[in-house]
Amino acid sequence: MKNISILGCGWLGLPLAKSLIAKGFSVKGSTTSLEKISLLQNAGINPFLLTLSEEEISGNMDSFLSDSDILIIDIPPKLRGNSGENFVAKIEQIIPFIEKSTVNKVLFVSSTSVYADDNSVITEATQPQPDTESGKQIKEAEQLLQSNANFKTTVIRFGGLIGEDRHPIRFLAGRQQLENPDGPINLIHQTDCIGIIDRIIARDCFGETFNAVAPFHPTRKNYYTQKAKALGLSLPEFDHSKTSVGKTILSDKIETFLGYEFQNKIL
């Protein structure tokens, strides 16, 4: 039995932990919420209360990593609005603990925000040129982990995350003057996120970088209009006065290198 530690048992980390346990793995999971400890325990996860800041880690990180072969880092940066979080500093806090632990493989949940919206077609061979603060910090965090010789890191750059309880149309419905009507969508369903991570672990594919986006790229206007109609929501209205910008993320490597077939190709 392999032991896995998941740093961040949230919207993706918790169902991922359940999937890994069902496959016979022993899973430790972290949360920042005392109220979620019992939820993790009831799911068969060995729970840890851990809080990361730019200066320190609160909680027993040594025990959290002890005896684990793989660490999955799933802690998205909080850089929206006026937040000035230094996400890179948080990752720097983790690395010394990994180096002295039994962990020899790391899986870092990243984002396609490391690529600029320059209307190009993106593959893993594309050099990331992030144009947002979040993208810049995530790229730097990737580099910190992948350049460390003490463990092998695989980076998964997920597109926009959707699931049964999470979809951007619920935020966009009824809004006006939305930008980039002709920009392509780059989304991925929660079930595929979990399936891809399962496949990476099963095939021991560490030291790699993957783009993970469903092979489905209609325009924002077409997609969100149709999705609003299907769900009975107010239609969003788009601003056509400016040239649309975006990018088309290809996930061919997921399908060819991992042999993974997307379960949700039409979102």
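The numbers here are math on the coordinates, done by the rules we state, and not lab data. Note that this is a predicted model, so its numbers are computed, not measured. With ideal geometry, Cβ positions are generated from the backbone for all residues, glycine too; neighbour counts draw on all protein chains shown.
See the values below:
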{"read-out": "Sites Leu34 and Asp117 - FRET efficiency at Förster radius 35 Å, r taken between beta-carbons, to 0.05", "value": "0.35"}
{"read-out": "Relative contact order %, the chain, counting alpha carbon pairs below 8 Å whose residues are six or more apart", "value": "17 percent"}
{"read-out": "CD proxy at 222 nm, helix term only [per DSSP H run n ≥ 4: -39500 (n - 2.57); per residue of the chain; nearest 500]", "value": "-9000 deg cm²/dmol"}
{"read-out": "Filter on Lys136/Lys265; Lys100/Lys136; Lys18/Lys100; Lys23/Lys253; Lys229/Lys253; Lys28/Lys139 - keep pairs with C-alpha separation over 31 Å", "value": "Lys229/Lys253"}
{"read-out": "Pair Thr243, Phe97: separation of 7 Å Cα→Cβ label points (nm)", "value": "4.7 nm"}
{"read-out": "Stokes-Einstein D in µm²/s, Kirkwood radius over Cα pairs - the range 131-251 at 4 °C with 1.567 mPa s viscosity", "value": "79 µm²/s"}
{"read-out": "Net lengthening on full extension, Ser66/Arg166 (0.36 nm per residue, minus Cα-Cα)", "value": "32.6 nm"}
{"read-out": "Stokes-Einstein translational diffusion, the range 34-117 - Kirkwood Rh over all Cα pairs, 1.306 mPa s, 10 °C, in µm²/s", "value": "109 µm²/s"}
{"read-out": "Extent along principal axes [Cα atoms of the chain; Å; largest to smallest]", "value": "55, 41, 38"}
{"read-out": "Förster radius 22 Å - calculated FRET efficiency between Asn148 and Ile21, Cβ distance, rounded to 0.05", "value": "0.20"}
{"read-out": "Proximal aspartates and glutamates to Lys2, defined as alpha-carbon separation beneath 14 angstrom and excluding residues fewer than eight positions away on the same chain", "value": "Asp67, Asp69, Asp198, Asp204"}
{"read-out": "Amide N of the range 91-121 lying under 20 Å from the label point, which is placed 7 angstrom from the Cα of Lys2 along Cα→Cβ", "value": "98-110"}
{"read-out": "Sorted by Cβ density within 10 Å, fewest first, the residues Asp182, Asp204", "value": "Asp204, Asp182"}
{"read-out": "Contour excess over end-to-end distance, with Cα ends at Glu133 and Lys265 and 0.36 nm allotted per residue", "value": "44.5 nm"}
{"read-out": "Two-decimal Rg to Rh for the range 1-64 - Kirkwood Rh, Cα set", "value": "0.97"}
{"read-out": "Projected area averaged over orientations for the range 168-239, convex hull of C-alpha atoms, nm²", "value": "5.7 nm²"}
{"read-out": "Likely footprinting exposure, Asp131, Asp198, fewest C-beta neighbours within 10 Å first", "value": "Asp131, Asp198"}
{"read-out": "Burial ordering of Ile98, Ile57, fewest other beta-carbon atoms within 10 Å first", "value": "Ile57, Ile98"}
{"read-out": "Gyration tensor (Cα) of the range 58-208, equivalent ellipsoid semi-axes in angstrom", "value": "29, 17, 16"}
